[in-house]
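Structure first, commentary second.
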Amino acid sequence: MSDNSELPGAIVSRIIKSALPDNILISKESKLAIAKAAKVWIHYVTASAIDFSQASNRSTIYPKDVLSAIEELEFGQFNESLEEFLATITNTKKKDKEEKEHNKEKEKEKEKEKEKDKEKDKDNKAKDDSTDKKDNTDK
């Protein structure tokens, strides 16, 4: 596993700034230290989540593995907010999928209507052509 990746500085700064009161400043070195600590935390939680997934004979880490890892690392007080976050993501994905399916259905209906309109146009044109021929033969 490569350890060369760094967390995006702008995102880390935004997160730190959102946690600070307006009257508190933070040095550049402190931001870097927090970014490094966050990176270590990510590795730590990931390693623990891997243990949970492997204990279940899986090679994929699922949210339940992450929640179990956080609980095991004695940070279980965060699990409630994480579960709410996961529920929000799941609901959003479900709504997006339903909307996409609904849009596909509407698109299919539009295509069917276009086909019907084309058929009507062909029928009308054929009728017009036969009427024109009849008119021409009558003259």
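Annotation: of all residues in segment 49-73 being within 25 Å of the chain's Cα centre (by Cα), part of a helix (DSSP H, G or I) and among the polar types (S, T, N, Q), the one that is nearest to Ser13 (Cα to Cα) is Ser68. In the condition set (1) outside any helix (DSSP H, G or I); (2) more than 23 Å from the chain's Cα centre (by Cα); (3) closer than 25 Å to Asn4 by Cβ, Leu25 is compliant with all but (3). Within segment 7-30, none of the residues are at positive phi and either at pLDDT 95 or above or among the hydrophobic types (A, V, I, L, M, F, W, C) (or both).
In the condition set (1) closer than 27 Å to Thr90 by Cα; (2) modelled with pLDDT of 95 or more, Ala37 is compliant with all but (1). With respect to (1) exposed (fewer than 15 other Cβ atoms within 10 Å of the Cβ); (2) more than 23 Å from Thr90 (Cα to Cα), the lone exception for Lys31 is condition (1). Among the candidates Asp121, Asp65, Asp96, Asp117, the residue that is touching an Asp or Glu at 6+ places or on another chain (Cβ under 9 Å) and of a type in the set (Asp, Glu) is uniquely Asp65. Screening Ile89 against (1) in the same structural domain as Ala19 (by TED's automatic domain parsing); (2) under 21 Å from Leu7 (Cβ atoms); (3) not aromatic (Phe, Trp, Tyr) leaves a single unmet condition, (1).
The values are calculated or read from the model by the stated rules, or taken from the named source; none is laboratory data. Since the structure is predicted, the reported quantities are computational estimates derived from the model, not experimental observations. Using ideal geometry, Cβ is built from the backbone for each residue, glycine included, and neighbour counts are taken over all protein chains shown.
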